[in-house]
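Student: Take a look at this one; I'll ask things after.
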Amino acid sequence: MKILVTGTAGFIGFHLAERLAKEGHEVVGIDNINDYYDVNLKYARLAESGIKRELITDNGQLIASEKHSNYRFAKIDLTDLPKLEQLFQQEHFTHVMNLAAQPGVRYSIENPHAYVQSNIVGFVNILECCRHNKIEHLVYASSSSVYGGNSKIPFSEEDRVDYPVSLYAATKKSNELMAYTYSHLYNLPTTGLRFFTVYGPWGRPDMAPMLFANAITKGEAIKVFNNGDMERDFTYVDDIVEGVYRCLKVLPTKTPLADVCNIGNSQPIKLMDFIACLEEQLGEKAEKIFLPMQDGDVKRTWADTSALETKVNYKPSTTLNEGVDEFVSWYKEFSFCNAL
């Protein structure tokens, strides 16, 4: 496969590009390296993949990795359609994995336009480039947030997702609708993956694991929303990458060629249990500030992964203790993250 991976300076994109390159596929990564969170972490991920920061330019020039001979990177924004079209026409990709997006539920309340540009305008640009360049399979990141305040558990792809509780969730649902339309109109094979609370090494500093680890190691209090009465289907990043990798190779079979699958650990963890596990691995206790539920947040997530298992014969299996241990080991080694 020759694969375009968008968002390779991001958390999951970085891990996926590494996996694909190690498997011998030709990989091109792009990212706009925006400042939603500290760009130093994004550049550090790229450096870990052999992409030197000082060589990255704003003109979309491809840079060869010094670590993987089959991996190149360019700084390109999905909203820059001319550069995106030029890249597709030049590289002749067979597959696309779209991970680039403006993330974050709470941030979408403060900065709605960023989500419309990245998650809707950027995504339709990807769809247009895929259809005009005969891409064999587009796989894209959706989110468990599309389930909103769904009270039925576990969350199934058959559940209605018409009532998003954040703009972020609404943009992800719109991605699924647009992908379905392109599959119907242009016979473009698409697979949307609803990610459930991904964590692990090189994770985002705005997500709970990094926020908690930073606060605990600095002796600062952590914010615990809904007074700790929350559950998340925490899913280790390597499990996500394995599922994505398998999905890239398996086309949808129903008509239109549009699949949507949950990808999660299918074992919801109480937030207070996650904090306790992190405390144990760090060897420090957290001071906790209990707060009410944040706007746009949900109390519980839990993935029914039977569709993913049927499609690619895979089910995530990393335990919480194993995953948190790997995260903490990375966190202690890369001390720069304490400054984020």
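The values are calculated or read from the model by the stated rules, or taken from the named source; none is laboratory data. Please read these numbers as outputs of a predicted model, since none were measured by experiment. Neighbour counts run over all protein chains shown; Cβ positions are idealised from the backbone, glycine included. Keep in mind that these areas ignore ligands, DNA and RNA; they rest on the heavy atoms of the full protein, side chains included. Shrake-Rupley method; radii C 1.70, N 1.55, O 1.52, S 1.80 Å.
Student: Would the range 21-159 count as rounded, prolate or oblate if I go by the C-alpha gyration tensor, calling it rounded below 1.5 in a/c and otherwise prolate when a/b exceeds b/c, oblate otherwise? Walk me through the numbers before you get to the answer.
Tutor: Details: a/c = 1.67, a/b = 1.43, b/c = 1.17.
In terms of gyration-tensor shape, prolate.
Student: If the only charges are +1 at each Lys and Arg Cβ and -1 at each Asp and Glu Cβ, what is the size of the charge dipole of the range 108-209 around the Cα centre, to the nearest 20 debye?
Tutor: On the way: 8 positive and 9 negative charges, 14 e Å.
That gives a dipole near 60 debye.
Student: While we're here: Relative contact order for the chain: what percent, with Cα pairs under 8 Å and sequence separation of 6 or more?
Tutor: Working: 677 pairs, mean separation 58.0, N = 340.
Relative contact order here is 17 percent.
Student: Could you tell me which helices of the chain pass both thresholds, a Cα extent of 18 Å or more along their own axis and a mean Kyte-Doolittle hydropathy of at least -1.0, with helices taken as whole DSSP H runs?
Tutor: On the way: long enough: 167-186 (28 Å, -0.37); 320-333 (20 Å, -0.70).
In the chain, the long hydrophobic H runs are 167-186, 320-333.
Student: Hey, got the dipole for the chain? About the Cα centre, +1 on K and R Cβ, -1 on D and E Cβ, debye to the nearest 20?
Tutor: Using Cβ point charges on Lys, Arg, Asp and Glu, the chain gives about 480 debye.
Student: From the helices alone, meaning DSSP H stretches of at least four residues, give me the mean residue ellipticity at 222 nm for the chain, per-run term -39500 (n - 2.57), in deg cm²/dmol to the nearest 500.
Tutor: Rounded to the nearest 500, the figure is -11500 deg cm²/dmol.
Student: Okay, next question. For the range 139-246, what relative contact order do you get, as a whole percent, if you take Cα pairs closer than 8 Å and at least 6 residues apart?
Tutor: 29
Student: In debye, nearest 20: dipole of the range 201-340 around its Cα centre with unit charges on the Cβ of K, R (+) and D, E (-)? Before the final figure, lay out the partial values.
Tutor: Numbers: 15 positive and 22 negative charges, 75 e Å.
With only Lys, Arg, Asp and Glu charged at Cβ, the dipole is about 360 debye.
Student: On to the next question. Can you bin the range 43-95 into rounded, prolate or oblate? Criterion: square roots of the alpha carbon gyration tensor eigenvalues sorted a ≥ b ≥ c, rounded for a/c under 1.5, prolate for a/b above b/c, oblate for the rest. Could the numbers behind the result be given before it?
Tutor: On the way: a/c = 2.38, a/b = 1.46, b/c = 1.63.
Cα axes put the range 43-95 in the oblate bin.
Student: Hand me the GluC sites (Glu not before Pro) from the range 282-316 located in a DSSP loop with no more than 15 other Cβ atoms within 10 Å, in residue order please. Let's see the in-between values first.
Tutor: Values: sites: GLU284, GLU287, GLU309; in loops: GLU284, GLU287.
In loop regions of the range 282-316 (DSSP not H, G, I, E or B), the sparsely surrounded GluC sites (Glu not before Pro) are GLU284, GLU287.
Student: Just want the answer: with Cβ charges of +1 for Lys and Arg and -1 for Asp and Glu, which residue in MET293, SER306, PHE334 is farthest toward the dipole's positive end in the range 279-340?
Tutor: Positive-end residue among those listed: SER306.
Student: Leaving ligands, DNA and RNA out of it, report the carbon-plus-sulfur percent of the accessible area of the range 219-292 at a 1.4 Å probe. Walk me through the numbers before you get to the answer.
Tutor: Numbers: 1580 of 3310 Å².
For the range 219-292, the apolar C and S fraction of the accessible surface comes to 48 percent.
Student: Further question: Over 30 Å between Cα atoms, which of LYS172/LYS254; LYS22/LYS299; LYS285/LYS315 qualify? All intermediate terms of the calculation are to be shown ahead of the outcome.
Tutor: Working: LYS172/LYS254 22 Å; LYS22/LYS299 38 Å; LYS285/LYS315 33 Å.
Checking Cα-Cα distances, LYS22/LYS299; LYS285/LYS315 exceed 30 Å.
Student: Select from the range 240-288 those trypsin sites (Lys or Arg not before Pro) which occupy a DSSP coil region and have at most 14 other Cβ atoms within 10 Å, ordered by residue number. Walk me through the numbers before you get to the answer.
Tutor: Details: sites: ARG246, LYS249, LYS254, LYS270, LYS285, LYS288; in loops: LYS249, LYS254, LYS285.
Within the range 240-288, the qualifying trypsin sites (Lys or Arg not before Pro) (loop, at most 14 other Cβ atoms within 10 Å) are LYS249, LYS254, LYS285.
Student: Of the GluC sites (Glu not before Pro) in the range 27-115, which ones lie in a loop per DSSP and count no more than 16 other C-beta atoms within 10 Å?
Tutor: GLU66
Student: Follow-up. State whether the range 108-264 is rounded, prolate or oblate according to the following rule on the C-alpha gyration tensor (a ≥ b ≥ c being the square roots of its eigenvalues): a/c under 1.5 gives rounded; otherwise a/b larger than b/c gives prolate, and the remaining case gives oblate.
Tutor: Numbers: a/c = 1.85, a/b = 1.80, b/c = 1.03.
Here the range 108-264 falls in the prolate category.
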